[in-house]
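Here's the structure we're looking at; comments come further down.
Rule-based calculations on the coordinates, nothing more; no lab input. Model, not experiment: these values are computed from the prediction. Note: ideal-geometry Cβ built from the backbone for every residue, glycine included; neighbour counts use all protein chains shown.
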Amino acid sequence: MISTQRSARLDAAFLALADPTRRAILARLTRGEATVLELAEPFDMSQPAISRHLKVLEEAGLIARRIDGTRRHCRLADTGLDDVDRWLAMLRKALDKNYQRLDGLLAAMTSKRGEK
C-alpha cells in the first residue's frame, strides 16, 4: 500500500508530467543545468508562464532550483522520479505475474491437446 505522503508526491509528479511543456523542460534538463531564460527560449510563451511550469515541476520534486545572483538555475532533482519508478515497478510486477499465469494456462491447454 502507498502512504498518503507518497501518494501525494506521485499525484504531483503525474500532474507535472501530464503537460507537454513540462515534459519538454525535463527533456532539456537531461542535457544539464539551465537557466530559466535558457529553458524559456524554445517556447512561445512569457517568462512568467515558464516560471509557473517550473514551480509545478519543483513542487512535484522533479527539478531543483538555485539562485546565482540574478540568474535562476534549474536541474533535474536527484530523486525526483523515485516514487514514479516504485509505482511503475509495482505495476510491472503485477503484469509479470499475470503473464506467468497466462503462460501456465496456455501450457496446460497445449499439453491437454497433445494428450488427445
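Considering (1) more than 17 Å from the chain's Cα centre (by Cα); (2) in a loop (DSSP other than H, G, I, E, B); (3) loosely packed, with under 11 Cβ neighbours inside 10 Å, the lone condition that R113 does not fulfil carries the number (2). Selection within the stretch 15-38: residues that are part of a loop (DSSP other than H, G, I, E, B) and of a type outside the set (D, E). The member of this set that is farthest from E58 (Cα to Cα) is R31.
Would you check which residues across the stretch 56-70 are surrounded by fewer than 19 Cβ atoms within 10 Å (Cβ to Cβ), assigned to a strand (DSSP E or B) and in contact with a strand residue (DSSP E or B) (Cβ under 8 Å, 6 or more places away or on another chain) and list them? Within the stretch 56-70, A64, R65, R66, I67 qualify.
Exactly one residue among H53, H73 is in contact (Cβ under 8 Å) with a residue 12 or more places away in the chain, surrounded by 11 or more Cβ atoms within 10 Å (Cβ to Cβ) and in a helix (DSSP H, G or I), and that residue is H53. Small (G, A, S), free of Cβ contacts under 8 Å to residues at least 24 places away in the same chain and not in a loop (DSSP other than H, G, I, E, B): is that true of A12 in this structure? For A12, the condition - small (G, A, S), free of Cβ contacts under 8 Å to residues at least 24 places away in the same chain and not in a loop (DSSP other than H, G, I, E, B) - is not met. Checked against (1) hydroxyl-bearing (S, T, Y); (2) surrounded by 11 or more Cβ atoms within 10 Å (Cβ to Cβ); (3) touching a residue at least 24 places away in the same chain (Cβ under 8 Å), S7 passes all but condition (3).
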